[in-house]
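K.L.:
Here you go, one structure.
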Amino acid sequence: TKQLAYYELDLGLNHVSRRWAVPTLRSACCLAAVPGGADGPSGVLVGCEDYVEYLHEGMRPSDGRAGKRLICALPRREIHPEKRGVLITSITVLRQKKGKFFALAQSELGDVYKITLDVPKDDRTVVRGITACLLDTLPVGNGMNISKLALLFVPSEFGDHGLYQFDAIDIEDDAVKYTSA
């Protein structure tokens with residue numbers, strides 16, 4: 001089984017200690033840190049085959065077994081074979097102003113999904129759910145990077161790199177969306 005382990009660095013003692021570890025889906029292949037403190041609930045987004053999973057230290061019960069998991073399925077193309085999964089190959093998170101943030105995840109097919117966490121306004125440390133919606137299809141890249149100037153850079157393994165500018169990142173109401181709840 002695969003495990004996600006969280007380590008903490010104590011700069012005063014120059015020491016690394018393991019805070020927690022939790023088993024994750026076997027197809028997990030990429031991670032993205034979720035902003036914490038005043039900016040968000042903290043934790044990790046894990047990209048897997050057909051799913052995006054949110055993990056946090058406070059989600060596990062004290063007996064050490066895996067607690068309630070927040071897993072969101074990904075929208076699929078109609079022509080995609082049922083037996084074959086859609087693998088998330090890269091995830092990036094953009095922190096916006098006033099504690100807002102979102103993530104973009106790209107699949108091996110080039111589909112880009114906007115991942116949002118449902119965080120209540122009164123308690124920014126709790127995540128109630130995950131929403132994944134199809135944003136666009138871009139050439140497959142090695143990773144993604146979003147700048148504060150609303151530019152998305154997608155380096156390509158084969159071919160030219162891509163630089164895209166967002167006009168708006170809002171998703172329409174009729175867009176294909178999947179939620180964890």
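The values are calculated or read from the model by the stated rules, or taken from the named source; none is laboratory data. Owing to the predicted nature of the structure, the values given are computational and were not obtained by experimental measurement. Backbone-built Cβ (ideal geometry, glycine too); neighbour counts: all protein chains shown. Heavy atoms of the whole protein, side chains included, go into the accessibility calculation; ligands, DNA and RNA do not. Shrake-Rupley method; radii C 1.70, N 1.55, O 1.52, S 1.80 Å.
K.L.:
If you check Ala21 against the conditions, is it touching a helix residue (DSSP H, G or I) at 6+ places or on another chain (Cβ under 8 Å) and of a type in the set (A, V, I, L, M)?
P.N.:
So Ala21 fails the test.
K.L.:
Residues to consider are Arg128, Arg84; find the one that is touching an Asp or Glu at 6+ places or on another chain (Cβ under 6 Å) and among the basic types (Lys, Arg).
P.N.:
Arg128
K.L.:
Name the one entry in Asp123, Asp136 that is touching a strand residue (DSSP E or B) at 6+ places or on another chain (Cβ under 6 Å), within 25 Å of Gly40 (Cβ to Cβ), without any contact (Cβ under 8 Å) to a residue 40 or more places away in the chain and charged (D, E, K, R).
P.N.:
Asp136
K.L.:
Could I ask something else about it? Looking at (1) touching a residue at least 24 places away in the same chain (Cβ under 8 Å); (2) exposed (fewer than 13 other Cβ atoms within 10 Å of the Cβ), can you tell me which one Gly129 breaks?
P.N.:
Among (1) touching a residue at least 24 places away in the same chain (Cβ under 8 Å); (2) exposed (fewer than 13 other Cβ atoms within 10 Å of the Cβ), the lone unmet condition for Gly129 is (2).
K.L.:
Scan the range 4-16 and report the pairs whose first residue is under 28 Å from Ala28 (Cα atoms) and whose second residue is in a loop (DSSP other than H, G, I, E, B) and modelled with pLDDT of 90 or more, with Cβ atoms within less than 8 Å and a gap of 6+ or a chain change.
P.N.:
Leu4/Ala28
K.L.:
Where in the range 1-114 are there strands (runs of 3 or more DSSP E), lying fully within it, with 1 or more residues that are open to solvent by 20 Å² or more (accessible area, probe 1.4 Å) and acidic (Asp, Glu)?
P.N.:
By residue number, 2-10.
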